[in-house]
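Below: one structure, written as structure tokens.
The values are calculated or read from the model by the stated rules, or taken from the named source; none is laboratory data. All values reported here derive from a predicted model rather than from experimental measurement. Using ideal geometry, Cβ is built from the backbone for each residue, glycine included, and neighbour counts are taken over all protein chains shown.
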Amino acid sequence: MSERPMQEPTLLLLTALADAPRHGYALIQEVAAISAGRVRLRAGTLYGALDRLLGQGVIRVEREEVVDSRLRRTYALTDDGYTLLAAEADRLRTTAREAERRMVLGRPTPDGARA
């Protein structure tokens, strides 16, 4: 875990796991829903990210089961994952508030003056 901003796919994956554990295909669907279809993870990207997040200790394997002769892993956030997601959400809120504050100050009024 670092101080640099989180990449959007990571943010979306952690967000998708914040309310319930999910398996890979469900994560792909949830990320698409959260991003209103803007982000569509491919399986290779997803499982690479999940392996990285497992290694960082921010997610864990909740359970494994065999479905249609294939192993299905269900992932969940760890306490560190919730902490990381909360910190990123706070960073984004702070940045958005500052952007809104500056837009109000910088937006010209109808007479051409600044607010």
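Points to keep in mind about this one:
- Pairs, first part of a helix (DSSP H, G or I) in the range 77-92, second modelled with pLDDT under 95 and surrounded by 13 or more Cβ atoms within 10 Å (Cβ to Cβ), C-beta under 6 Å, six or more apart: E88/M6
- Remark: pairs (first residue in the range 93-115, at pLDDT 75 or above; second residue assigned to a loop (DSSP other than H, G, I, E, B); Cβ separation under 7 Å; 6+ apart in sequence or on different chains) = V104/A115; L105/A115; R107/A115.
- Any chance L27 is surrounded by 14 or more Cβ atoms within 10 Å (Cβ to Cβ), in contact (Cβ under 8 Å) with a residue 40 or more places away in the chain and in contact with a Gly (Cβ under 8 Å, 6 or more places away or on another chain): no
- Output for the range 1-51, where each listed residue is in a helix (DSSP H, G or I), modelled with pLDDT under 95 and among the charged types (D, E, K, R): E8
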